[in-house]
Amino acid sequence: MLKRLLASWIILALAFALAAWVSPGMWLRGGISGGLWIAAVFGLLNLVLGTILRLVTAPLMLLTLGLFGIVINAVLLRMVAAGSSDLRLDGFGSALRGAVLIAVFTWLLTLTPLGRPKREHKRR
């Protein structure tokens, strides 16, 4: 379980780094530690506030077939950028583009061996 959590954290940090590298208007500072910090803050904010926002906007999520989740992630991304000096966004358009790129890169990185850590077999 701890291996999966660490793998998810690293994948999210890599997705942030790739999104910042590709997307104009999005900058990630601090190198590896900055990426890990931003991934941790975004993950915790997404866990707490993201869950609440998704519950409140459930009808809109159903109406848009889940695409409104990208807007929620963009809002959370803006909140992380506002609270940290390691992530900078030019505007909401950059946050929206960054949210899409982070989602795509996270999905692609979960297809790699890093995203599928070996399962330990229980010994009897």
Item checked: Among (1) part of a loop (DSSP other than H, G, I, E, B); (2) closer than 27 Å to residue 3 by Cβ - the single one residue 101 does not satisfy -> (1)
Notebook entry, point to check: residue 108 fails exactly one of the following numbered conditions: (1) within 13 Å of residue 12 (Cβ to Cβ); (2) open to solvent by less than 50 Å² (accessible area, probe 1.4 Å). What is the number of that condition?
Noted result: (2)
Item checked: Identity of the residue in the stretch 83-94, assigned to a helix (DSSP H, G or I) and touching a residue at least 40 places away in the same chain (Cβ under 8 Å), that ends up nearest to residue 23 (Cα to Cα) -> 94
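Test residue 65 against the criterion of being outside any helix (DSSP H, G or I) and surrounded by fewer than 14 Cβ atoms within 10 Å (Cβ to Cβ), and give yes or no.
Against the criterion (outside any helix (DSSP H, G or I) and surrounded by fewer than 14 Cβ atoms within 10 Å (Cβ to Cβ)), residue 65 qualifies.
The values are calculated or read from the model by the stated rules, or taken from the named source; none is laboratory data. Everything numeric in this text was worked out from a predicted model, so none of it was measured. Because the Cβ atoms are built from the backbone with ideal geometry, glycine has one as well, and the counts that use them run over all protein chains shown. Surface accessibility is based on the protein's heavy atoms, side chains included, excluding ligands, DNA and RNA. Shrake-Rupley method; radii C 1.70, N 1.55, O 1.52, S 1.80 Å.
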